[in-house]
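Undergrad: Got a structure for you, questions after.
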Amino acid sequence: MGSVEAYETARGRRYRVRYRRPDRTQTTKRGFTTKREADSYLATVEVSKMRGEWLDPSRSKVSVADVAAEWVAGQVQIKPSTLSGYRYTLDRHILPTWGSRRLVEIGHGEVQAWITTLADGLAPSTVRQIYFVLAALMKYSVKDGRINRDPTDGVQMPRKRATDRGYLSHDQVAALAHECDGQADLIALLAYTGLRWGEMAALKVSSVDFARRRIDVREALTDVRGTLVRGTPKTHERRSVPFPAFLEAPLRERAAGKRPDEPLFVSSRGLEMRNGNFRKRVFLPALKRLQERDTSFPTVTVHDLRHTAASLAISAGANVKAVQRMLGHASAAMTLDVYADLFDDDLDHVAGRLDMAASEGVAKMWSSPAPGSAAAETEKAPIPVEA
């Protein structure tokens, strides 16, 4: 048990509380103006120790910036690009507001008010990403024994706004590929295999199995603040993706004269492909020319070619599991969540297929009158003949 002791100061009598931490080391808290206040504090300490809820006050007074540095240093399981995004979010949005604040001072209401303010000027998806980083930081602080409660728990997020995803038809893919002179095969590859840009940029000559018409996706290039970093694909899993027969000739031409370990796709300067450069120098000018000639041509992004691949595969009859494996999603449920709108057309065929399957069974109940029914008796009744 702890103890309460009085001591004299220039301002009068004060009380100190001595008690032992759970690790049996002794500590002191001073400055109580009344013995009742000191006794109450000691009782609270003893109860929290018995419940396993005691926190070292000195650890909970640390600033958010200090804990953020610890948390970031411990993120060894994520990709460099993801870590770079976390750091950007901390530096741009979180630390300017919360960096100097002590963990123990932050309340749920403050966090909710901050999120509401962010939602006034930022897209819902951006607000959610910012919240995710702050929430992860606070959960780390709870696990580390710095705070008892997570002030981000239960904070309400802005609703996601539905956006139209860009899908191209076969003819539109062909038009875009033709307009991207010199990179037509790259456009077609993205639109018919669903590779992510980084996966395409990381392909080597040895990645293509021409005999089986398969692409071995085992790496991805990511632009981390201007530096290209080679790592695993987004789901960390290697996969084999089929490509259409019409792409064999242009891919063979790409691979001709190169060593197996050389990049399959390179820029006009012979360098590794960068999404930003390709988008500005090739893709957007080509899209602009197409839309000047045809105002109905969809506005799409490079990443929308991946969505186009999903759309074309589903319209060709591919099931959700095949699309999942092609795109490298973690699960078929994720594929359904992302492309639920593409599977809506399947519903139009369900009733027709069920009708065909049931035509020899339950459907006969309505296609022909049941025996003994009024309709059946009417059919049996002789037709009167006029004299």
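Undergrad: Can you tell me which lysines have their Cα less than 19 Å from the Cα of LYS258? Leave out same-chain residues fewer than eight positions away.
TA: LYS204
Undergrad: How much accessible area per residue does region 59-123 have, in Å², with a 1.4 Å probe?
TA: About 51 Å² of surface per residue is accessible.
Undergrad: Distance cut-off 29 Å, Cα to Cα: go down the list LYS280/LYS321; LYS79/LYS143; LYS61/LYS234 and report the pairs above it.
TA: Checking Cα-Cα distances, LYS280/LYS321; LYS61/LYS234 exceed 29 Å.
Undergrad: Using DSSP to define loop residues, name the chymotrypsin sites (Phe, Trp or Tyr not before Pro) in region 127-219 whose beta-carbon has at most 14 other beta-carbon atoms within 10 Å.
TA: PHE210
Undergrad: Check VAL224: other-chain or 5+ apart residues with amide H under 5 Å from its amide H, H built from backbone geometry?
TA: Counting only residues 5 or more places away or on other chains, the set is VAL229.
Undergrad: Just the number, please: carbon plus sulfur as a percent of the accessible area of region 257-299, 1.4 Å probe, no ligands or DNA/RNA counted.
TA: 49
Undergrad: Expected output is a single nm value to one decimal: the length gained when fully extending between ARG259 and ARG230, i.e. 0.36 nm times separation in residues minus the C-alpha distance. What is it?
TA: Once the chain is fully extended between ARG259 and ARG230, it gains 8.6 nm.
The values are calculated or read from the model by the stated rules, or taken from the named source; none is laboratory data. All values derive from a computational prediction rather than experimental measurement. Cβ coordinates were reconstructed from backbone atoms using ideal geometry, including for glycine residues, and neighbour counts include every protein chain displayed. We work out accessible area using only protein heavy atoms, side chains counted, and drop any ligands, DNA or RNA first. Shrake-Rupley method; radii C 1.70, N 1.55, O 1.52, S 1.80 Å.
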